[in-house]
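Participant: Shown below is the structure under consideration.
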Amino acid sequence: MARPDTPAIQAQAVRVTQTRTIPIRGEASLGKDVRDLLHEVGTALDQHRPLRAHVHGLITVDKQSPVVTATQENGNERQRATGPSARSWKRAARRQGAAGGPWAPSTSSRLGGDVLRAPYECQVKRLAEAYPTLQTFSDDDGMWLFAKSSIIPGLPREATFLIALPYKPGPGPRAWGFWTGAAESSRWIGPRHTNFRDGSICAFSPNEGAWFEGGDLPTLLDLYSVWALRHLHLEVMGRWPGKQYGILGADPRAEAYYRQRECRDDELCGCGSETRRYAECCKASDLRCDFIESASLFLQHTGGFETRVPPPSVVSFVQGQSAAPKMAEVHLQLLV
């Protein structure tokens, strides 16, 4: 879906110029076929080509569609929004899957208003067909989703997502991602493009039509799967693929500081550019800003990079050490 204020443009290849002399962690354990596929999908993201989501959250390039559209980005790494998201892509046909895990709807929403209960409840079975590992858990304020995504064929690990879905309109979903598998029990996926103050996933912008409250739940998990794939590309290939945003709504000097710290020269610029890399876009102007002043404004707006960590109760649950956390205790927007 194209952004309303941005005309569709022809995709342009973004040349990767970075050269590595030592292996990135995890790269040696991936087979050539996996790395080749990861490179293909990363190139498609840079070129704004559509992707396709399959059962278990497998992501591939959609070679059937020649349409190029503007990407959907998240504005929520700034305590509300930031960061990259999935491109415009299509969903593959779903196979039948197992039903969801233990979940019984609560009798009321403690925070008032449960108009999203019905739109979410009626989708649980279909979501389990798309993500067969799905488990659901009730909460006083909504429901928790707990599911694994395979990301790309042949990957020896999975992305595990814990997602809070409030029944009350307004707060929106909040999710955390972890790498899980035989070689590693659980490792938080971050901190790049995660929200400040709780390390939650920043994968799409609520105001740009990528997903909306009460919307399609398989699409929501697909957006998170693409976000995890981008993290894998960053880990293995050394760069974030595709369009990305900074801390929208902040002072421009705080934005400049964020881009200096987060964006790499050969990545698409954190200002949201669809064609220009950081080195040839905002970097020169960012470097002209007073560094101390910009850092201070950034800290005031976000609380600092070190706040991008998941709540202990979320980590404990993912590691199998405790029950699901209370939604009101970990979903920051529920508290305001």
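Participant: If Arg264 satisfies all but one of (1) touching a helix residue (DSSP H, G or I) at 6+ places or on another chain (Cβ under 7 Å); (2) without any contact (Cβ under 8 Å) to a residue 60 or more places away in the chain, what's the number of the condition it fails?
Facilitator: Every condition holds for Arg264 apart from (2).
Participant: Let me ask something else about it. Answer yes if at least one residue in the stretch 164-174 is modelled with pLDDT of 95 or more, within 24 Å of Gln319 (Cα to Cα) and not in a strand (DSSP E or B), and no otherwise.
Facilitator: No: the stretch 164-174 contains no residue that is modelled with pLDDT of 95 or more, within 24 Å of Gln319 (Cα to Cα) and not in a strand (DSSP E or B).
Participant: Out of all the residues in the stretch 163-170, is one or more under 30 Å from Gly31 (Cβ atoms), free of Cβ contacts under 8 Å to residues at least 60 places away in the same chain and assigned by TED's automatic domain parsing to the domain that holds Thr43?
Facilitator: No, that holds for no residue.
Participant: What about Thr136, is it β-branched (Val, Ile, Thr), surrounded by fewer than 22 Cβ atoms within 10 Å (Cβ to Cβ) and in contact with a helix residue (DSSP H, G or I) (Cβ under 7 Å, 6 or more places away or on another chain)? Don't jump to the end; show me each part of the working.
Facilitator: On the way: β-branched (Val, Ile, Thr): yes; surrounded by fewer than 22 Cβ atoms within 10 Å (Cβ to Cβ): no; in contact with a helix residue (DSSP H, G or I) (Cβ under 7 Å, 6 or more places away or on another chain): yes.
The answer is no for Thr136.
Participant: Residue by residue through the stretch 243-268, note down the ones that are over 14 Å from Phe305 (Cβ atoms), in a helix (DSSP H, G or I) and not charged (D, E, K, R).
Facilitator: Pro252, Ala256
Participant: Another question, then. Taking into account only those residues within the stretch 284-319 that are more than 21 Å from the chain's Cα centre (by Cα), surrounded by fewer than 17 Cβ atoms within 10 Å (Cβ to Cβ) and of a type in the set (D, E, K, R), which is nearest to Thr43 (Cα to Cα)?
Facilitator: Restricting to residues being more than 21 Å from the chain's Cα centre (by Cα), surrounded by fewer than 17 Cβ atoms within 10 Å (Cβ to Cβ) and of a type in the set (D, E, K, R), the top hit is Arg288.
Participant: Asp198 - would you say it is among the acidic types (Asp, Glu) and surrounded by fewer than 18 Cβ atoms within 10 Å (Cβ to Cβ)?
Facilitator: Criteria not met by Asp198.
Participant: Another question, if that's okay. May I ask you to say which residue of Ser273, Ser313, Ser322 is in a loop (DSSP other than H, G, I, E, B), closer than 27 Å to Leu162 by Cβ and not aliphatic (A, V, I, L, M)?
Facilitator: Ser322
The values are calculated or read from the model by the stated rules, or taken from the named source; none is laboratory data. Everything numeric here is computed off the predicted structure, so don't read it as measured data. All Cβ positions, glycine included, derive from the backbone under ideal geometry; neighbour counts span all protein chains shown.
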